[in-house]
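Chemist: One structure, as structure tokens, below. Some questions next.
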């Protein structure tokens, strides 16, 4: 289309406006005015792309009259130099007609050829649609798509009206910079009828609508209180499903009963916060003021999910609004919540946690679906999003043990803050687990309580993306932005979210755009940092006031009914408060988020079942594990050699690390214990030692797992490679371990060093979970560890960090160390177990002990690298059969033990360095002079056995030898404990590398030199 014809279409509204003004002057002023106020925001800048740069300049400078005047001059010189339509216009204007009379419309399907000037006859084909008609229908489709893709930018989402992406256009409408309403249609087209495309449902049963009605319906759907982001989803069925849920006329309407229920829930949410604020004025509670709609939102998700078959929901959330959720969503007794505000003595174990970090588990009848519903809230630290993977692990475990393979019975719901959702990487890691085979939970509903501020930081300083929820786009999760001051819109979004999750088994996000009425906490002053925002908030009415006024105006409720409902709930709160004042103590067990019904029972905490297994069982496991897959399964030649070597070990009864591990797992599977091993490359093993999954060499996705084929009635064995995440995956496995105490759940790091990116889970959940939340876990962390010249990031699993987190008294020798139950009492009282085994048999017993213990403790295992194939690091079946058990300390069993009085040195060590010291001692012929004692269990520290070894060698100098640097490893932990074991009469001395800020050198030469130096120092007598 040439330049002049396009200009006509752009100027049509302007010329019509000029006609209405009856101005005899040149039309340019009216043109400019009309262009800047058109319904679709037609401004000159949007319509100059077809012009040359010189021609664009006057338009871009806001002086469009220059262009018309220049064209008028050209016409006067030569009428044929302009388009015929302009020729007609200028001729009429020159004859004295005003601009409106001078204008003649260009040809279109709806106009007759007689409307054209005589100089421009036209014949309109009757058998084909005119180009204008086709283009107009395409424009309507483009308008519809524009609303679907970008309508959320123009939605009325912010209760305060301060969202930065909104700009006010010249027509007074809120318009995003994306030019949402850009179109080639004119005002005269507003009442034309257009056939609706199949990509929209706004017509309902009507297939044709006038443009004005099309725009009105699109505005209501996409630019009201809801902004829907979904057009990036690459599945057409999913996009169409969402369109239907939002575009179908009348789909968002609530009946009177639903509105009353919504009002009652909103009232409870609001009045609960008001009650706490009145009773505990100066207490931190991280209230929900400003987003009270969260409570009816969550209850709507629960109601709809319950109707769809879900009967267990695991929830995770930060601290804001937590007490309200516990009270009004989970219905935890108000008396128990109120006692947390009193300074009462805990009646049971644990140091406890602040009230807004605690979890719970509760089963109650859902009155909307009339079905029982189990609700649990997972306890969490102030590391806000750290709870996300824990929730998913717990959900996955419940689904697994219930056989819920499609997530129809158990689901997760996670609440987030806006700043944390965009700012913390664990959110991204968690989303990326959503579709992984052994981590998928069949959809999680994420609810973002969007306060538009993080502590004191506004969004302009806390994220680079338009929305805090943009991270969810990486997994094609639809995002429903909604104004929290429109409770009915929130309810619709929550219903759609529950239905989406049930139908597609995928994540979705509800962005509840709200505000925070108080500061970060109730004693904080927000005006220090956000004065303008909080001036608006101070004047802004609460959601309850806004909604109840709406219902009263609609005649749904009366003022009297509303007042009676308020008084009724305030009476419930007051009664609970009065009862809480009578309590004299609190109970940490009231806040358990993972109760293990029937696990503890009458079991004695001082008795442990044996860990040895019959030789027949061990050989059977070894044989199956060492045999090729049945049938014509093509395995790699290298695997054939590995399997043959394993079979030789079974026959010779000499077991290496990988085979000992398989026997531990297999024996537990035989006993009905589910075994789950997860982590990076665990199927094969980082060091190509495990091979629990064999791959067919010619058929893709065909595998064989020997440990899944030991016995017909065995428990399931899960071994699964994970995403390249430590933080997220470790949190997930922790959550999995919380669900069923009768399962061995393990996470293995690719290298032990990499666990440091999961330090938050270790610090906040694993080491302290029982003390804070009375939550036991038998999770096993397997961390490859050993200083073998592989550089600073492939050497140390940082034993010192775990040992520093162990809650064992270092300066007091236990009074009951001589008791036969001493080791069990230690295990019961400790917060986690740390071992560094040197033999496959001891590793075998350590793993089995995790299950036979009458309680659960996290186990940290520093697993070997070079010892996986070390010829001496093997165990006889005699050390694994019935009657054998885990050895906390392995004494010297050579010449030194035969003549202990002549021993000059007693060397204590742990892990791989033992084999280095043993070889060096043999090379120097000092077996009689130096005793080597291995400390296999570092924590709880074996005070009794260490004292026995010290007493055994009365004349020996005591040294602790480690390959780690002095400021790392176990030295700082063991030194005071060894010294207290001697009564400070024979102090222990350090032998090893000097202090270093790095775990290891990157130089092979320096590594070798350091090794020689400390080994030589250890051998000096």
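The values are calculated or read from the model by the stated rules, or taken from the named source; none is laboratory data. Since the model is a prediction, treat every value here as computed from it, not as a measurement. Don't worry about glycine lacking a Cβ; one is built from the backbone with ideal geometry, like all the others, and counts go over all protein chains shown.
Chemist: Sort through 555, 612, 598 and tell me the only one that's farther than 30 Å from residue 484 by Cβ and surrounded by fewer than 17 Cβ atoms within 10 Å (Cβ to Cβ).
Modeler: One residue alone meets the criteria, 598.
Chemist: Sticking with this one: Among the residues in region 708-722, are any closer than 20 Å to residue 784 by Cβ and either in a loop (DSSP other than H, G, I, E, B) or within 14 Å of the chain's Cα centre (by Cα) (or both)?
Modeler: Within region 708-722, one or more residues are closer than 20 Å to residue 784 by Cβ and either in a loop (DSSP other than H, G, I, E, B) or within 14 Å of the chain's Cα centre (by Cα) (or both).
Chemist: Assuming residue 580 fulfils every condition listed in (1) farther than 30 Å from residue 884 by Cα; (2) under 35 Å from the mean Cα position of the chain (by Cα); (3) touching a residue at least 60 places away in the same chain (Cβ under 8 Å) apart from one, which condition is it?
Modeler: Condition not satisfied by residue 580: (2).
Chemist: Filter region 440-454 down to the residues that are farther than 23 Å from residue 373 by Cβ and out of contact with any strand residue (DSSP E or B) (no Cβ under 8 Å at 6 or more places or on another chain) and list them by number.
Modeler: 453 - this is the single residue of region 440-454 that is farther than 23 Å from residue 373 by Cβ and out of contact with any strand residue (DSSP E or B) (no Cβ under 8 Å at 6 or more places or on another chain).
Chemist: Next question, about the same structure. Sort out which residues of region 978-1011 are within 44 Å of the chain's Cα centre (by Cα), surrounded by 19 or more Cβ atoms within 10 Å (Cβ to Cβ) and in a helix (DSSP H, G or I), and write them in order of number.
Modeler: Scanning region 978-1011 gives 978, 1007, 1010.
Chemist: Still on this model: Can you find even one residue in region 275-293 that is at pLDDT 95 or above and outside any loop (DSSP other than H, G, I, E, B)?
Modeler: no
Chemist: For residue 867, all conditions in the list (1) in contact with a helix residue (DSSP H, G or I) (Cβ under 7 Å, 6 or more places away or on another chain); (2) more than 30 Å from residue 830 (Cα to Cα); (3) not in a loop (DSSP other than H, G, I, E, B) hold save one; what is the number of the exception?
Modeler: Of the numbered conditions (1) in contact with a helix residue (DSSP H, G or I) (Cβ under 7 Å, 6 or more places away or on another chain); (2) more than 30 Å from residue 830 (Cα to Cα); (3) not in a loop (DSSP other than H, G, I, E, B), the odd one out for residue 867 is (2).
Chemist: Only residues that are over 13 Å from residue 887 (Cβ atoms) and assigned to a strand (DSSP E or B): list them for region 831-864, please.
Modeler: 833, 834, 859, 860, 861, 862, 863
Chemist: If only one of 783, 734, 744, 730 is touching a strand residue (DSSP E or B) at 6+ places or on another chain (Cβ under 9 Å), part of a strand (DSSP E or B) and over 30 Å from residue 1008 (Cα atoms), which one is it?
Modeler: 744
Chemist: If you don't mind, another one. Could you tell me whether residue 283 is buried (at least 18 other Cβ atoms within 10 Å of the Cβ) and either in contact (Cβ under 8 Å) with a residue 60 or more places away in the chain or under 24 Å from residue 158 (Cβ atoms) (or both)?
Modeler: So residue 283 does not fit the description; no.
Chemist: Can I ask one more? Name every residue in region 209-254 that is in contact with a strand residue (DSSP E or B) (Cβ under 7 Å, 6 or more places away or on another chain) and either outside the structural domain of residue 190 (by TED's automatic domain parsing) or surrounded by 15 or more Cβ atoms within 10 Å (Cβ to Cβ) (or both), in order of residue number.
Modeler: Answer for region 209-254, where residues must be in contact with a strand residue (DSSP E or B) (Cβ under 7 Å, 6 or more places away or on another chain) and either outside the structural domain of residue 190 (by TED's automatic domain parsing) or surrounded by 15 or more Cβ atoms within 10 Å (Cβ to Cβ) (or both): 209, 211, 214, 222, 225, 226, 227, 228, 229, 242, 246.
Chemist: In this structure, is residue 709 modelled with pLDDT of 95 or more, within 20 Å of residue 619 (Cβ to Cβ), surrounded by fewer than 19 Cβ atoms within 10 Å (Cβ to Cβ) and in contact with a helix residue (DSSP H, G or I) (Cβ under 8 Å, 6 or more places away or on another chain)?
Modeler: When the stated conditions are applied, residue 709 passes them.
Chemist: Output the number of the condition that residue 597 fails; it satisfies all remaining conditions of (1) over 35 Å from the mean Cα position of the chain (by Cα); (2) part of a loop (DSSP other than H, G, I, E, B).
Modeler: Checking residue 597 against (1) over 35 Å from the mean Cα position of the chain (by Cα); (2) part of a loop (DSSP other than H, G, I, E, B), the one that fails is (1).
Chemist: Please go through region 364-423 and give me each residue that is in a loop (DSSP other than H, G, I, E, B) and touching a strand residue (DSSP E or B) at 6+ places or on another chain (Cβ under 7 Å), ordered by number.
Modeler: Across region 364-423, the qualifying residues are 378, 380, 404, 409.
Chemist: Please enumerate the residues belonging to region 343-363 that are part of a loop (DSSP other than H, G, I, E, B), surrounded by 14 or more Cβ atoms within 10 Å (Cβ to Cβ) and modelled with pLDDT under 70.
Modeler: 344, 350, 352
Chemist: Further, regarding this structure: Would you mind stating whether residue 314 is in the same structural domain as residue 396 (by TED's automatic domain parsing), buried (at least 18 other Cβ atoms within 10 Å of the Cβ), part of a strand (DSSP E or B) and modelled with pLDDT of 95 or more?
Modeler: So residue 314 passes the test.
Chemist: Does region 535-558 contain at least one residue that is free of Cβ contacts under 8 Å to residues at least 60 places away in the same chain and within 33 Å of the chain's Cα centre (by Cα)?
Modeler: Within region 535-558, none of the residues are free of Cβ contacts under 8 Å to residues at least 60 places away in the same chain and within 33 Å of the chain's Cα centre (by Cα).
Chemist: For region 624-658, which positions are in a helix (DSSP H, G or I), touching a residue at least 60 places away in the same chain (Cβ under 8 Å) and over 27 Å from residue 699 (Cα atoms)?
Modeler: Those that are in a helix (DSSP H, G or I), touching a residue at least 60 places away in the same chain (Cβ under 8 Å) and over 27 Å from residue 699 (Cα atoms): 649, 657.
Chemist: Taking residue 552 as meeting all but one of (1) at pLDDT below 95; (2) in the same structural domain as residue 428 (by TED's automatic domain parsing); (3) part of a helix (DSSP H, G or I), write down the number of the exception.
Modeler: Unmet for residue 552, out of (1) at pLDDT below 95; (2) in the same structural domain as residue 428 (by TED's automatic domain parsing); (3) part of a helix (DSSP H, G or I): (1).
Chemist: Out of curiosity, is residue 151 assigned to a helix (DSSP H, G or I), over 16 Å from residue 212 (Cα atoms) and modelled with pLDDT of 60 or more?
Modeler: Yes: the conditions hold for residue 151.
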